[in-house]
1. Specify the residue with the greatest mean-square fluctuation among LYS396, LYS195, LYS80, computed from a Gaussian network of the chain linking alpha-carbon atoms under 10 Å apart.
2. What trypsin sites (Lys or Arg not before Pro) does the stretch 306-373 have in DSSP loop regions with at most 14 other beta carbons within 10 Å?
3. Rounded, prolate or oblate: which fits the stretch 288-434, taking a ≥ b ≥ c as square roots of the Cα gyration tensor eigenvalues, rounded meaning a/c under 1.5, else prolate when a/b beats b/c?
4. Kirkwood Rh, Cα Rg: Rg to Rh for the stretch 114-237?
5. Tell me the Rg and the Dmax, in Å, that the Cα atoms of the stretch 346-394 produce.
6. Across the stretch 174-186, in residue order, what do the Karplus-derived ³J(HN,Hα) couplings come to in whole Hz, using 6.51 cos²θ - 1.76 cosθ + 1.60 with θ = phi - 60° and x for Gly and Pro?
7. Cross-link candidates for LYS427: which aspartates and glutamates have Cα within less than 15 Å, leaving aside residues fewer than 8 places away along the same chain?
8. Just to be sure I understand the model, the point goes 7 Å from the Cα along the line to the Cβ. What's the resulting GLN129 to ASP2 distance in nm?
Amino acid sequence: MDKQQLEMRFPLISNMQNKEEIIWFNPNKINSKDALKNVSVTAEMVQEASDRLDRFASYLSIAFPETAQAKGIIESPLVKIPTMESALKEFFQTDFNGELLLKCDNALPISGSIKARGGIYEVLKIAEQLAIREGLLKETDDYAILSTDDFRQFFSAYSVAVGSTGNLGLSIGIISAKFGFQVTVHMSSDAKQWKKEMLRSKGVTVVEYEDDYSIAVMEGRKQAVEDSTCFFIDDENSVDLFVGYAVAASRLKAQLEQMQIIVDAQHPLFVYLPCGVGGGPGGVAFGLKLIFGDHVHCFFAEPTSSPCMLLGLMTGLHENISVADIGLDNKTDADGLAVGRPSGFVGKTLEQLISGSFTINDKTLYELLGLLADTENVRLEPSALAGMTGPIHITKQGVPIQNATHIVWATGGGMVPSQEMQIYYEKGKQYLLK
Ligand SMILES: *Cc1c(COP(=O)(O)O)cnc(C)c1O
């Protein structure tokens, strides 16, 4: 299909080219039971990830004392945001049914973003497999022993590499360095200075590239292939990352029960997930579909300049199409979401499960950032606000909803230095005053 044929077949592309904030409803969605039969990821794989995270809890509570109170379980709060809910309705002059909640992954321990789920999980798995292979560890051991100098010495013979301009690099860098791995983060040179400095301060090697992110990833992958002691974290294709993210769903279920929030046929759950390459939001959505089936409706949220997952899903072309192919520049302040080409693995896994996808421009992201800070005193990075317009979109489109719960997944912000955060906030206030 050439560009002209694509535009004919998918009229929404012309709205995307105009950078309009749009929503796409997935016509390929089927009932979740049947959809789940058509994919390679299983409930058992997610359970295995959950069990592995439990085995590591005693290690994590020692290595990262901020997790000690939660006994080494890396989890974030789920909170009601009624003041923001009112402000949001007023701002968009749109009333919506149901209660608005925020899933605060910005407050996840260790790395302050959703990457503290999948990213950390994948490194834990690497460490476990190495230690077991060498006969140094059994699954029944207390994993606290992994924090000893002997183990750090052992892990220092291996290396971990990742290509990332942002939160994935931080997450992988921090946890890998803690184990004692040699760790290299390949970054594009436009990555934020504070991120490079923070990583270097933890002993991480940061390699910068003049070209863009995809070149950085390719370079990282190449180096790992040549070296059998090097493990490359593949943001685009990793099943381990994906299942690590998916564990969020069972945790969320427990939180909803604790808050006495019902999810069933009469009480639907809507979840809005900021999407970059797709692993984080895709993994979480997948986990939610496993647990809540047809009672949960998951939507991806992307910048108007980088709607790669929407484009891949809508056209069915997945990783074989990029936003550049429809003339978009992939330029946005939403760092975590500036991705031009989606993960094919994630797109194919979610293509019959996801309810839809919508877009948001940078101005709206900043306005919502300012509003959330003023109403609820929660400060997020721009990417993490992308889901906030979800309830507005579906209401404006006339989706019939009753007794709904809306969860906006706040994917990051916890690592952003306060001066940087202040700049974001002031930008938001400026837009709001105009
Ligand atoms: C990485 C990231 C996302 C999206 O996750 P992907 O796996 O890239 O789709 C969303 N928000 C923030 C803050 C992120 O760092």
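1. Ranking LYS396, LYS195, LYS80 by mean-square fluctuation puts LYS396 first.
2. Of the trypsin sites (Lys or Arg not before Pro), the ones in loops of the stretch 306-373 whose Cβ has at most 14 other Cβ atoms within 10 Å are LYS331.
3. Values: a/c = 1.90, a/b = 1.28, b/c = 1.48.
It is oblate, given that a/c is not under 1.5 and a/b is not larger than b/c.
4. On the way: Rg = 14.3 Å, Rh = 14.6 Å.
Rg divided by Rh gives 0.98.
5. 13.2, 39
6. The phi angles translate into 5, 6, 5, 5, 5, 5, x, 4, 6, 9, 10, 10, 8 Hz.
7. Answer for LYS427, where 15 Å is the Cα cut-off: ASP333, ASP362, GLU367, ASP374, GLU381, listed by chain and number.
8. Here the modelled spin labels are 4.5 nm apart.
The values are calculated or read from the model by the stated rules, or taken from the named source; none is laboratory data. Fair warning: this is a prediction, and the values are worked out from it, not measured in the lab. Please note: Cβ atoms are built from the backbone with ideal geometry, for glycine as well, and neighbour counts cover all protein chains shown. The accessibility values were calculated without ligands, DNA or RNA, using every heavy atom of the protein model including side chains. Shrake-Rupley method; radii C 1.70, N 1.55, O 1.52, S 1.80 Å.
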